[in-house]
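Notes follow the structure.
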Amino acid sequence: MESHPLLKTRTFQFPTPMAESGDKKRYLNNTLPFKDPAAALADTRHEFGEHGGVNMSIEASATFTVMEPDTMRRIFSGELGPDRDFFIYSRHFNPTVLNLSRLMAAMEGTEAAYCTASGMSAISSVLLQICSSGGHIVASQKLYGGTHALLSHFLRRACGITTSFVDIGDLERVDKEIVEGKTKVLYFESISNPTLSVANVPELCKIAHAKGVTVVVDNTFSPMVMSPARLGADVVVHSISKFISGGADIIAGAVCGPTRLVNSMMDMHQGSLMLLGPTMNPKVAFDLSERLPHLGLRMKEHCRRAAVFAARMQKLGLKVHYPGLEDHPDHKLLKSMANDEYGYGGLLCIDMETEERAYRLMNALQNATQFGLMAVSLGYYETLMSCSGSSTSSEMNEEEKALAGISPGLVRMSIGYTGTLEQKWSQFERAVTRMNLA
């Protein structure tokens, strides 16, 4: 009896030559035609379970058997791989993680992707794959504190890789800082953490590509909202722990980019993912693959509420940073790049000027009115609040924070979607009244 056509042996998105030697070629942009991210996810082949279940099976094995003795040699030599349904060890490729990776590639519009154990492992693995000892990176001065520490301290000390931090809004300065033949990567966040400045992705890519430099963009703050690869970026990285997970219960990351790059990162002899081993648990991959189909709906509600709250907060006289506000300096830029119907992001910032005032506001919002929770991270269904300068940007010194526009009283809010909008707004208003701010 012929098997059901949808249950036939899977064929994966990209081939995997495992024994390819260290390839120092640039991994320049090679994207797919534009498609709405939610539509792209829906068009990706659905993986059914082993016995026809509507959900895919979890391949929890660390190692995989072969039917013929010579098959193992052929896998290790690169002759056979996941593209032909051959697997050897889950630190290399795992079928369940590979399926989630295909979904991430579809969402970001890249040829390939692979998922990792954390967002920082995705970032560090990409940079270590592209840059060698003595290499040079040009990076935005407005970055997540952990990334800033990686670039300014760890990579310099451990690998001799140096970084020049610049205001990426100054395109001429970016161009001057890129040294043709030496600079390997231009690195920035599509929407910066925590100040919510917006990168001019197309223009920055033109500058970098004119000098043969690979563009790596962290899109953690704006999945669905922006598609950097479709705007010219070569590589897109994510902390999946945030909006994509949505539950504040998983640590995970992803690298989305050209097939050549992803394969090189899994190379048996030279691959940063293969040799450093930031391996995603397949059970985590399964869990995340079940959340991606409704990411678009969640992002729309995060963004809708953030936009409403930002406008109302501004009317109360608070100093609000939100790129969806028309007076935000990057509003028109984001509007020109954003995907339709997803809004302007699910985060906003309130500048309370001093740390003491920031602490008072957060204390009232959590402990008096239950508007949100004092916690780092973002993308949770509850609103999360933190004073960035003393938390997620604390790795930066005072001068670096000033250059990034991080004031001592900057409160970052990841707007959730529990309760009704009016219910949550009432909680915010009561906290502000309690502080005599309005």
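The values are calculated or read from the model by the stated rules, or taken from the named source; none is laboratory data. Treat the numbers as computed from the prediction; the structure is a model and nothing was measured. Counting neighbours? That spans all protein chains shown, and the Cβs are built from the backbone with ideal geometry, glycine included. Calculation scope for accessible area: heavy atoms of the full protein, side chains included, ligands and nucleic acids excluded. Shrake-Rupley method; radii C 1.70, N 1.55, O 1.52, S 1.80 Å.
Can you give me the relative contact order of segment 210-330 as a percent, contacts being Cα pairs under 8 Å and 6 or more apart?
After rounding, I find 16 percent.
Between Ser222, Ala358, Thr65, whose Cα lies farthest towards the positive end of the dipole of the chain when Lys and Arg beta carbons carry +1 and Asp and Glu beta carbons carry -1, centred on the Cα centre?
Farthest along the dipole direction, towards plus: Ala358.
For the chain, give the share of DSSP beta bridges that are antiparallel, in percent and rounded to the nearest 5; count only bridges with both residues there.
55 percent
Can you give the net charge of the other residues whose Cβ lies under 13 Å from the Cβ of Asn436, counting K and R as +1 and D and E as -1?
+3
Would you work out the charge dipole size for the chain about its Cα centre, treating the Cβ of every Lys and Arg as +1 and the Cβ of every Asp and Glu as -1, and quote it to the nearest 20 debye?
Result for the chain is approximately 320 debye, rounded to the nearest 20.
Give me the one-decimal nm value for the distance between modelled label points at Tyr89 and Arg312, 7 Å along each residue's Cα-to-Cβ direction.
Distance between the two pseudo-spin positions: 5.5 nm.
Can you give me the orientation-averaged projected area of the convex hull built on the Cα atoms of segment 232-319, in nm²?
In nm², the orientation-averaged hull projection of segment 232-319 is 8.5.
List the equivalent ellipsoid semi-axes of segment 253-303 in whole Å, largest first, each obtained as the square root of 5λ for an eigenvalue λ of the Cα gyration tensor.
Sorted largest first and rounded, they come to 29, 14, 8 Å.
Could you state the number of Å between the C-alpha centres of segment 191-250 and segment 297-319?
That distance is 22 Å.
On average over all directions, what projected area in square nanometres does the chain have, based on the convex hull of its Cα atoms?
21.6 nm²
Averaging sequence separations of C-alpha pairs under 8 Å and six or more residues apart, then dividing by the length of segment 174-250, give the relative contact order as a whole percent.
Rounded, it is 29 percent for segment 174-250.
On a full-extension model of 0.36 nm per residue, what is the gain between Asp175 and Thr71, subtracting their alpha-carbon distance, rounded to one decimal in nm?
Using 0.36 nm per residue and subtracting the Cα-Cα distance, I get 32.5 nm.
Give me the net charge of Ser190's neighbourhood, meaning all other residues with Cβ under 12 Å from the Cβ of Ser190; Lys, Arg count +1, Asp, Glu -1.
-2
Mean residue ellipticity at 222 nm from the helices of the chain, using -39,500 (n - 2.57) per DSSP H segment of n ≥ 4 over the full residue count, to the nearest 500 deg cm²/dmol?
Roughly -9500 deg cm²/dmol at 222 nm, from the helical runs in the chain.
Once the Cβ-Cβ distance between Asn367 and Phe154 is put in as r, and R0 is 22 Å, what FRET efficiency do you end up with, to the nearest 0.05?
Efficiency at R0 = 22 Å is approximately 0.05.
Which residue, Ser77, Gly212, Met337, has the largest displacement toward the positive end of the dipole of the chain when charges sit on each Cβ (Lys, Arg +1; Asp, Glu -1)?
The residue sitting most towards the positive pole is Met337.
Counting DSSP beta bridges in segment 129-231, what percent are antiparallel, to the nearest 5?
5 percent
Find how many whole Å separate the alpha carbon centroid of segment 82-143 from the alpha carbon centroid of segment 404-428.
What the calculation gives is 32 Å, centre to centre.
Return the sequence-ordered ³J(HN,Hα) values of segment 259-270 in whole Hz as given by the Karplus equation 6.51 cos²θ - 1.76 cosθ + 1.60 applied to θ = phi - 60°, using x for Gly and Pro.
Rounded to whole hertz, the list is 4, 4, 5, 4, 5, 5, 6, 9, 4, 4, 10, 10.
What does the net charge come to around Pro408 if you take all other residues with beta carbon closer than 15 Å to its beta carbon, with K and R at +1 and D and E at -1?
-2
In whole percent, what relative contact order does the chain give with Cα contacts below 8 Å and a gap of six or more residues?
With pairs under 8 Å counted, the relative contact order is 17 percent.
Whose amide H sits under 5 Å from the amide H of Ser164, counting only residues 5 or more places off or on another chain, with H placed in the peptide plane?
Ile137, Val138, Ala139
Ordered by packing density, taken as the mean number of other Cβ atoms within 10 Å over each peptide's residues, highest first, how do 107-115, 170-178, 202-210, 345-353 rank?
Packing order, densest peptide first, comes out as 107-115, 345-353, 202-210, 170-178.
With a probe of 1.4 Å, find how much accessible area the chain has per residue, and write the answer as a whole number in Å².
Result: 41 Å² of accessible area for each residue.
With label points built 7 Å along Cα→Cβ from the Cα atoms of His331 and Glu355, find their separation and express it in nm.
3.3 nm
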